[in-house]
1. Looking only at the range 67-86, filter to residues that are at negative phi and within 18 Å of the chain's Cα centre (by Cα); which one of those is surrounded by the most Cβ atoms within 10 Å (Cβ to Cβ)?
2. Taking into account only those residues within the range 90-110 that are farther than 16 Å from V50 by Cα and among the charged types (D, E, K, R), which is modelled with the lowest pLDDT?
3. What number of residues in the range 111-126 are at pLDDT below 90 and surrounded by 13 or more Cβ atoms within 10 Å (Cβ to Cβ)?
4. Restricting the range 97-110 to residues that are touching a residue at least 40 places away in the same chain (Cβ under 8 Å) and within 18 Å of M37 (Cα to Cα), which is surrounded by the fewest Cβ atoms within 10 Å (Cβ to Cβ)?
5. Tell me which residues, restricted to the range 112-129, are touching a strand residue (DSSP E or B) at 6+ places or on another chain (Cβ under 7 Å) and in contact (Cβ under 8 Å) with a residue 60 or more places away in the chain.
6. Determine whether the range 26-48 contains at least one residue that is modelled with pLDDT of 90 or more, in contact with a Lys or Arg (Cβ under 7 Å, 6 or more places away or on another chain) and surrounded by 10 or more Cβ atoms within 10 Å (Cβ to Cβ).
7. Check the range 56-66 and report whether any residue there is touching a residue at least 12 places away in the same chain (Cβ under 8 Å) and under 25 Å from the mean Cα position of the chain (by Cα).
Amino acid sequence: MSTQRDMMSGPRRQRGMAMIQWIFLILIVGGIVTVAMRTIPHYIDFYTMVSVVEALPKNQVHVMSKQKIRESLRKRFKINNIRDISVAEVVGIERKRGATALTLDYEIREHLFYNIDLVLSFNKRFDYG
């Protein structure tokens, strides 16, 4: 009879996670949250820049000068609070017969911890004309 009672009480005492399991769980969740906090703002900026480039007047981009395109984008970046990224460095303008292509292409290095960095690479092409 005592063996039957020991078998039934065993699983009751083994409920929950051990302390080391809690520590690993906290480390994993903390790492995921840290990576998310470091990368999400850059993705928000990228998608904001995409919407700014897409908002350019499609029927006028191919007749605008490169300087005018860059100036228009610079103003729109500033309005949308994108101040750390230079239009001249991230936006490429390519002209072909009757068509213009804008390329949004850049990389950001984000320090994670110690000597570990994340490199985020963004690239999107927009065809006009």
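1. In this case the residue turns out to be F77.
2. This residue is R97.
3. 1
4. Going through the range 97-110, the residues touching a residue at least 40 places away in the same chain (Cβ under 8 Å) turn out to be 102, 104, 108, 110.
Imposing the further condition that a residue be within 18 Å of M37 (Cα to Cα) reduces the set to 108, 110.
Working: I108: 16, E110: 13.
My answer is E110.
5. Listed by number, the residues that qualify are L112, L118, L120, F122, K124, F126, Y128, G129.
6. No.
7. There is at least one residue in the range 56-66 that is touching a residue at least 12 places away in the same chain (Cβ under 8 Å) and under 25 Å from the mean Cα position of the chain (by Cα).
The values are calculated or read from the model by the stated rules, or taken from the named source; none is laboratory data. Keep in mind that this is a model prediction, so the values were computed, not measured. Cβ coordinates were reconstructed from backbone atoms using ideal geometry, including for glycine residues, and neighbour counts include every protein chain displayed.
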